[in-house]
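The structure under discussion appears below in the form of structure tokens.
The values are calculated or read from the model by the stated rules, or taken from the named source; none is laboratory data. The model shown is predicted, which means the values in this text are computed figures rather than measured ones. We place every Cβ from the backbone using ideal geometry, glycine too, and count neighbours over all the protein chains shown. SASA here: full protein model, heavy atoms, side chains in, ligands and nucleic acids out. Shrake-Rupley method; radii C 1.70, N 1.55, O 1.52, S 1.80 Å.
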Amino acid sequence: MFNSMRLMRNSLLAMLTLFVSAALFAAESPEQIVRSASKDVLDIIKKNEKDAAKTRDLVDTRLSPMADYKRMTALATGQYWKSATPAQQEALTAEFRAMLVRTYLSALTLYKNAQINIKGSRAGNDADEQTVRTEVTLPGQKPIPLDFSFEKKNDWKVYDISVDGISFINNHRNQFGSVIRKDGIDGLIKQLAARNAAAKQAK
């Protein structure tokens, strides 16, 4: 009886902790989210620099709560997204997510001493949109602007990233459209999967 009550108490405490953590995360502003995530990602890179696979997985896990990968993929796929089956949409999102994390990591691991400086935020077209401006500082290099576009639904989520003024979504939309017109949705999935696999093997 005592063990059962203790187990129930511990379970309730665990659930309460999860609810509180989720509420705190949801209450964070986009700037606070980027500041916290940037620090964690840089720490992950420094602590696991000799294990690329572990670094990638840890960074992916850390970024997952703040990113709306499905919306990103839909925007990058453009008009062809609605014609994709649910299974194709899921596969596209998974490969696009892997590509985005890989690209983000490449920008930060180019130099071991990269730093991310928060430069402030600006409002979007309405109250539910906001862009956080940051700069990636590399030793001996000109700072690279890295902006995160957020939209708030239930909570704030990143739906686009711009590097030096170039939108990650817009930069891939024309490329994706060209592949889809030639080889279809499955052709794009196959191409993205091949690129992601090749990148893993190169590490």
- request: Determine whether region 142-162 contains at least one residue that is among the β-branched types (Val, Ile, Thr) and within 16 Å of the chain's Cα centre (by Cα).
  value: yes
- prompt: What is the number of the single condition among (1) surrounded by fewer than 17 Cβ atoms within 10 Å (Cβ to Cβ); (2) in contact (Cβ under 8 Å) with a residue 40 or more places away in the chain; (3) not basic (Lys, Arg) that Ser106 does not meet?
  reply: (2)
task: Kindly indicate which of Ile116, Ile144 is surrounded by 15 or more Cβ atoms within 10 Å (Cβ to Cβ) and either under 27 Å from Leu192 (Cα atoms) or in contact with a Cys (Cβ under 9 Å, 6 or more places away or on another chain) (or both).
output: Ile144
Test result for Asp128, within 19 Å of Ala74 (Cβ to Cβ), at pLDDT 95 or above and open to solvent by 40 Å² or more (accessible area, probe 1.4 Å): no
- line: Taking first residues from region 182-193 that are over 17 Å from Gln79 (Cβ atoms) and open to solvent by 20 Å² or more (accessible area, probe 1.4 Å) and second residues anywhere that are aromatic (Phe, Trp, Tyr) and assigned to a helix (DSSP H, G or I), the pairs with Cβ under 6 Å that are 6 or more apart or on different chains are none
query: So which residues in region 124-160 are among the acidic types (Asp, Glu), assigned to a strand (DSSP E or B) and in contact (Cβ under 8 Å) with a residue 60 or more places away in the chain?
result: Glu151, Asp160
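Table: residues versus (1) touching a Pro at 6+ places or on another chain (Cβ under 8 Å); (2) assigned to a helix (DSSP H, G or I); (3) surrounded by 19 or more Cβ atoms within 10 Å (Cβ to Cβ).
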site	(1), (2), (3)
Val34	no, yes, yes
Ser38	no, yes, yes
Lys50	no, no, no
Thr55	no, yes, yes
Leu58	no, yes, no
Ala74	no, yes, yes
